[in-house]
Amino acid sequence: MTGTKIKENFQDQIFLTFNRIVLCFVLLIVAYPLMYIVSASVSNPAAVNSGAMWLLPVDFTLEGYERVFGDSRIWRGYRNTLFYTVVGTLINLAVTLPAAYAMARKDFVGRNFFMAMFVITMFFSGGLIPTYLLVKSLGLVNSPWALLLPNAAAVWNIIICRTFFQVTIPQELEEAAKMDGCSVTKMFFKIVLPLSAPIIAVMALFYGVGHWNSYFNALIYLTDREWFPLQLVLRQILVLQEIGSELSGAVNGEAAANKEQIAAIIKYAVIIIATLPIIVIYPFMQRFFVKGVMIGSIKG
Amino acid sequence: MKQNRQSQWKKALQTWQLYIFILPAFLYFLIFHYFPMYGVLIAFKNYVPTMGVWGSEWVGFQHFTDFFDSYYFWDLIRNTLGISLYSLALGFPLPILLALSLNEVKDSIFKRTVQTVTYAPHFISVVVMSGMIIAFLSPSTGMVNHFLGLFGIGPISFMTEPGWFKTVFVMSDVWQNTGWGTIIYLAALAGVDPQRHEAAIVDGATRLQRIWYINIPALIPTMIILLILNTGNLLAVGFEKILLLQNSLNMESSDVIATFVYRVGLLDAQYSFSAAVGLFNALINAALLIAVNQISKKVSETSLW
């Protein structure tokens, strides 16, 4: 900190100013599209389509949101995604945390074997087709389990947790507990887990966001629309541009002409609604996310 | 030796509960990762579902030679490598530059604002991201073409002109992930010994000189590890996003090995052929990873293993 006391010389001042301008420019490039979507979702679609709306909402309207909330596909998708996210994350934690704890223990005979077994899968896999055939032969196709079981754990997250346990749970504590006749299970539930709230939060967030955002497994394993997660519904609306009569309203002549206009406003509203939960928790959770990435990077 | 083994057994017995702890993960990897590796055998067979993996008839390298001889083979290789290298060329250095630049900012509110905003797009789902790209790039209603229109350019139909596909794909990735990519580099920069900077300041070094001679060398080990990891994924490029952005008009430049495997394997149900293509892809990936790791071991003594 003593360095900052010295007055910056002229060359450095130019550099710092230039640096700041560049960063402001970066900020603008990232923030502008985000701002644009928010404004577009509550603006008159005609203004958005013609380019008259460029930053702040024009002719404020909540019509897009009304239509989206009136669509049963969105509600069902939301409900399903919520289910996949909650149950999926619980399964992830139930698999990841105990495995990571076992591998963090120095007295665990065979830890190198298990580690090698897990890490190999990061670099080599059977690929899409054999995995699909396996899931099919297990009878999981068109079942919600197809979205939960094939992603029950991630190697990288197990490594992050193992590192966390190694760094934060002192070996002495373990030995003392053992002396007092504490079993491994009791040790894990009574001592390790209560000390591990930060890493559990990080894991829940990593896995949770993953479940919330995933679409590909649903695309290949599900055909029954009843079980579609939100992202698959979004794919229909945003990518395949299937707006559907429920969203676009009546089918008379005027409505048909309006369809493209309405499609636009619905798209922006749907983007906001689908991303809202993550946007809401993001500011609170940002430091956890960052911490998770850093724990992972310290030790391989 | 004998005694040692005995004590190992004793230790294992004492901590038997740990094996129950690892059991779910063990079963998960065995079933969902190792079993498909066995299933890859169908690449050398004519897989018939009723006969199973083992019962189907062997055809050797037939599917591989069919793939190499097919007319789309070189297009797929060109697109896959093209998109990967393009992504690497921009996506790899930009987070480093942003981290170096952020590291020079001492005003913590400004720094935190830039970080919070640039991390945020990382959490947008790939479907929403693709939807945004398609909406923004629309020739008639998209904001990018409105903007270009101010300079008398366009309208450009980005999504249907094959020439634009790779740029659209890479630029949107850069927009989404550059901020997030800075985290590891910022952590590495925070670990630089402040005394080295103080010494350099006393010697009259400018900021640029300090970045060049102190900060960048400090980042090199992190850079190499990330470069190796990225290389391993070279052929597995953002497959999900490509699949979403692909359409019949841009197919010529957007079809990569992974999307081809999906289309041929799952949509056309040519399981064996598609598994062979997927295996070819995975082998090249693994070979590249090993090669880069070896080179880096020789040149810089930093490696994954």
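The values are calculated or read from the model by the stated rules, or taken from the named source; none is laboratory data. Just so it is clear, the structure is predicted and the values come from calculations on it, not from any experiment. Quick reminder, even Gly has a Cβ in these numbers, built from the backbone with ideal geometry, and neighbours come from all protein chains shown. All accessible areas refer to the heavy atoms of the entire protein, side chains included, with ligands and DNA or RNA removed. Shrake-Rupley method; radii C 1.70, N 1.55, O 1.52, S 1.80 Å.
Structure above, values below:
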| quantity | calculated |
| --- | --- |
| For region A:79-221: relative contact order, % (alpha-carbon pairs under 8 angstrom, 6 or more apart) | 47 |
| Paramagnetic label zone (point 7 Å from Cα along Cα-to-C-beta, residue A:136; backbone N under 16 Å) in region B:46-87 | B:46-57 |
| FRET efficiency, 1/(1 + (r/R0)^6) with R0 30 Å, evaluated for residue B:229 and residue B:8 via beta carbons | 0.30 |
| Whether chain B is rounded, prolate or oblate, judged on the alpha carbon gyration tensor where a/c under 1.5 counts as rounded | oblate |
| Mean separation of Cα contacts under 8 Å (6+ apart) over length of chain B, as relative contact order % | 25 |
| Residue B:207 - accessible surface, heavy atoms, 1.4 Å probe, Å² rounded to 10 | 10 |
| Pairwise FRET efficiency - residue A:11 versus residue A:86, Cβ, R0 = 56 Å, nearest 0.05 | 0.50 |
| Only Lys, Arg (+1) and Asp, Glu (-1) charged, at Cβ; the protein assembly as shown dipole about Cα centre in debye | 1960 |
| Residue-level accessible surface for residue A:186, protein heavy atoms, 1.4 Å, Å² | 120 |
| Label-point separation, residue B:220 to residue B:113 (7 Å along Cα→Cβ), nm | 3.7 |
| C-alpha long axis of helix A:10-41 to longest principal axis of chain A, angle in ° | 60 |
| Extension reserve of the residue B:193-residue B:247 stretch, reckoned as 0.36 nm per residue once the Cα distance is removed | 14.3 nm |
| 222 nm mean residue ellipticity, helices alone, for the protein assembly as shown (DSSP H n ≥ 4; -39,500 (n - 2.57); rounded to 500) | -21500 deg cm²/dmol |
| Point-charge dipole on Cβ atoms (K/R +1, D/E -1) for region A:79-221, about Cα centre, debye to 20 | 240 |
| Angle between chain A longest axis and helix A:253-298 axis [Cα atoms, degrees, rounded to 10] | 20 |
| Unit charges at the beta carbon, dipole of region A:79-221: most positive-side option, A:219, A:156, A:205 | A:219 |
| Partner chain coverage, peptide B:112-125 - average Cβ within 10 angstrom | 6 |
| Area accessible to solvent at residue B:248, 1.4 Å probe radius, in Å² | 110 |
| Where B:254, B:140 fall by accessible area, highest first, once all protein chains stay in place (1.4 Å) | B:140, B:254 |
| Heavy-atom SASA rank of B:292, B:202 (probe 1.4 Å, accessible area, largest first) | B:202, B:292 |
| Test item: Cα-centred dipole of chain B, Lys/Arg +1 and Asp/Glu -1 on Cβ, debye | 1180 |
| Partner chain coverage, peptide B:137-144 - average Cβ within 10 angstrom | 4 |
| Region B:50-86 versus region B:146-217: alpha-carbon centroid distance in Å | 37 |
| Exceeding the 21 Å Cα-Cα cut-off - candidates A:190/A:291; A:136/B:241; A:106/A:291; A:106/A:186; A:291/B:166; A:106/A:190 | A:190/A:291; A:136/B:241; A:106/A:291; A:291/B:166 |
| 10 Å Cβ neighbours from other chains, averaged over peptide B:13-19 | 6 |
| Sequence of A:165, A:15 from largest to smallest accessible area, 1.4 Å probe | A:15, A:165 |
| Under the span-like rule (Cα at least 30 Å along the axis, Kyte-Doolittle mean at least 1.0), DSSP H helices of chain B | B:271-300 |
